[in-house]
Structure formats: C-alpha cells, structure tokens
Amino acid sequence: MFGLRSTPSPSYGADAVVTGAGSGIGRAFAIELARRGGRVVCADISLARAEETVRLLEGQGYAVQCDVSVQTQVQDLALFAELEFGGAPTVVINNAGVGIGGQPVGNIGFEDWNWALGINLWGVIHGCEAFVPLLRAAGRGGVINVASAAGFAAAPTMGPYNVGKAGVMSLSETLAAELSGTGVRVSVLCPTFVKTNVAVDGRITTQKSELAQKLMRWTGFSPERVAVGTLDAFDAGRLYVVPQLDAKAIWLAKRLVPTLYTRGAGLLNRLMATEPDQQSLPELRSTTGK
Ligand SMILES: NC(=O)c1ccc[n+]([C@@H]2O[C@H](COP(=O)([O-])OP(=O)(O)OC[C@H]3O[C@@H](n4cnc5c(N)ncnc54)[C@H](O)[C@@H]3O)[C@@H](O)[C@H]2O)c1
C-alpha cells in the first residue's frame, strides 16, 4: 500500500539536522526534537549560538558552524551528520533565514538582493540538494523547509524576502511531488509573526523593524508553539503548515480575491507610510555591520 514505508511519527526519536538552530524557531525545533527523544545536529552561522542551543537540549546534540549560503559548508554538514548518526538523518529542517525590508524595488541594491537570497533561498536549495538524496535512499523521514506567509502573499517593501520565501514554497511543492510514494515527507512552514530575533538581526530599516517588533509582540506566536505544531503537522503528513489565524486569512484572501488583496496591501502601505523611509539599506549596513 502507498505510504506504508514511512514511520508513523518520524519526529520522535529522530536523527535531526536543524539549520539556524542558534536562535528563535530553529532553537525551538532543536529543543522539541531532543524532548521527543532525538539526537540533533544544531547548525548555525554563529558557532557560539549553536553551542548555547546544545546546552539547552535534554538529549544528545552537536553544534556545527555552517553558513547555509555556502554550498560546500552545507555539503560538509551533511557529511558530519551522516558520520555522527552512522547513516542518513531522519529529519532535516532548513530553517536558517534573515529579515530584509524597508525599501521598494529599485532602491534595494544587488548586494542586498544577493545577501538575502543567498541565505533565504540558496540556503534551502543547498540543504535540499545535500540531504534529499540521503533521505530518498533511506526511504523514510523527511524535510521541513521554513518559508513564511510572505511566500504566498507579498507585502510591499519586502521584495528580497518575498521572492526568497516564494522560492522556498515552490521548491517544497516540487519536492513533495517528486518524493510522493518514496516514504519521505515534505512540509513547508508558513507563519506570520513569531517572537524571535529576526526583526532586529537582519537588514531592516529602523522604521520597518520597529513596526515588525510591535506586531511580533502583539500578535506573534512563541517559537515553541510553532515548533511543536509544525512537527505534529509533519508527522501527520501535511505539506502546508500555516500555524496562525491571520496567516490562514491571508492565504484565503490571496486565493479568493488576489487582485483585491494586492491593491489592499498597497493601500495599507501608503496609509502607514507617514513619511518616506529615508534610510537606505547600504547606510544600514555601514552603521550596523550586518
Ligand atoms: N520570526 C518570524 O516572525 C518569522 C516569520 C516567518 C518566517 N520566519 C522564518 O523563520 C526562520 C527562522 O527565523 P527566526 O525568526 O527564528 O529568526 P532568528 O533571527 O531568531 O534566528 C535565525 C538564526 O539563523 C542564523 N543564521 C543567519 N544567517 C545564517 C546563515 N547564513 N547560515 C546559517 N545560519 C544563519 C542566525 O544566526 C540565527 O541563529 C527564518 O527562515 C525566517 O525567515 C520567521
């Protein structure tokens, strides 16, 4: 029968790899996977952050420095995981990502496009290319890619973020179709706001970062709640994981009245912009070093 090759709840007792595991949603995934009895390779561009996560795990964890935008580093991460686990991992979570926003298309600059897409899109492509052959050969487990509600409904002044996350959605849908019947699952996580460091750590103009932080405080879910819900959805074999009500409403609006949705987003953007955002992303880079 179809689908019987996969274990019923692969997130329990998993040999897992999580990228961007040093903070926020990635850290919450690592903690929850360990709580479910798994061993977790915690990869992050910051080794110190990854090590801090490993110290928080109940079970076995390994900290690895890995910049997901560099293909060879992700390939090395896959080799490390295979060696430590003595075989293919069961669950791979391509979570690492950065925030970018505040400037309209035309003002962004290619350095910023490349930086954001290098991590948010190429990072996930590198992860899928490195790990999917291992999972396919094992015929079990699966991949969770972290996209965003921005992946299906674009907000103004977030061009590179929207494009990267839409790419992650498309890649996940492609993979899910390619892997159907192999015993390997695919889920794609599409949240709106989650209370993490993403709005302060990326390249977001001060005006937009403050707005994002307020929305996060008022409406955001905790990363722990998102991690638990996503792993349960993955175990249930769900492709799309849309955890929040506002994300579900946006999903519906985009599908039922797409033109109205986009006009509405544009109108909201004009009403909220009391004055044009004067800060350019290159200025932001030179003052924050990010
Ligand atoms: N927080 C939200 O509201 C929200 C909403 C939708 C989607 N997301 C997505 O969730 C994912 C996790 O973000 P978060 O909110 O937990 O943010 P976060 O900033 O708290 O954590 C991101 C982690 O990724 C790491 N990282 C950054 N660049 C990296 C790189 N090149 N290679 C490896 N690691 C790198 C950071 O060091 C950090 O530990 C991202 O893909 C983000 O786009 C977040």
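The values are calculated or read from the model by the stated rules, or taken from the named source; none is laboratory data. Keep in mind it's a predicted model, so treat the numbers as computed, not measured. Cβ coordinates were reconstructed from backbone atoms using ideal geometry, including for glycine residues, and neighbour counts include every protein chain displayed. Surface areas here come from the heavy atoms of the whole protein model, side chains and all, with no ligands, DNA or RNA. Shrake-Rupley method; radii C 1.70, N 1.55, O 1.52, S 1.80 Å.
The table for this structure:
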{"quantity": "Carbon/sulfur fraction of accessible area - region 15-288, other protein chains in place, 1.4 Å, %", "calculated": "58"}
{"quantity": "Within the chain: Cβ-based charge dipole about Cα centre, in debye rounded to nearest 20 (Lys, Arg +1; Asp, Glu -1)", "calculated": "840"}
{"quantity": "Separation in nanometres of the label points that stand 7 Å from Cα toward Cβ, at Val105 and Ser9", "calculated": "4.5"}
{"quantity": "Neighbour cut-off at most 10 other Cβ (10 Å), DSSP loop, chymotrypsin sites (Phe, Trp or Tyr not before Pro), region 1-71", "calculated": "Phe2"}
{"quantity": "Debye, to nearest 20: dipole size of region 46-165, +1 on Lys, Arg Cβ, -1 on Asp, Glu Cβ", "calculated": "360"}
{"quantity": "15 Å beta-carbon shell around Tyr261, net charge (K/R +1, D/E -1)", "calculated": "+3"}
{"quantity": "Point-to-point label distance, Thr262-Thr206, nm (Cα→Cβ direction, 7 Å offset)", "calculated": "3.4"}
{"quantity": "Heavy-atom accessible area ranking, 1.4 Å probe, most first, across Leu268, Leu239, Leu47", "calculated": "Leu268, Leu47, Leu239"}
{"quantity": "Number of Lys pairs (Cα under 17 Å; 8 or more positions apart or on different chains) in the chain", "calculated": "5"}
{"quantity": "Virtual spin-label span in nm between Ala273 and Arg225, 7 Å along Cα→Cβ", "calculated": "3.2"}
{"quantity": "Neighbour-limited loop hits for trypsin sites (Lys or Arg not before Pro), region 173-267 (at most 15 other Cβ within 10 Å; DSSP other than H, G, I, E, B)", "calculated": "Arg238"}
{"quantity": "Å² of accessible area per residue within region 15-288, as computed with a 1.4 Å probe and no ligands counted", "calculated": "44"}
{"quantity": "For region 15-288, diffusion coefficient by Stokes-Einstein and Kirkwood Rh (Cα), 20 °C, 1.002 mPa s, µm²/s", "calculated": "114"}
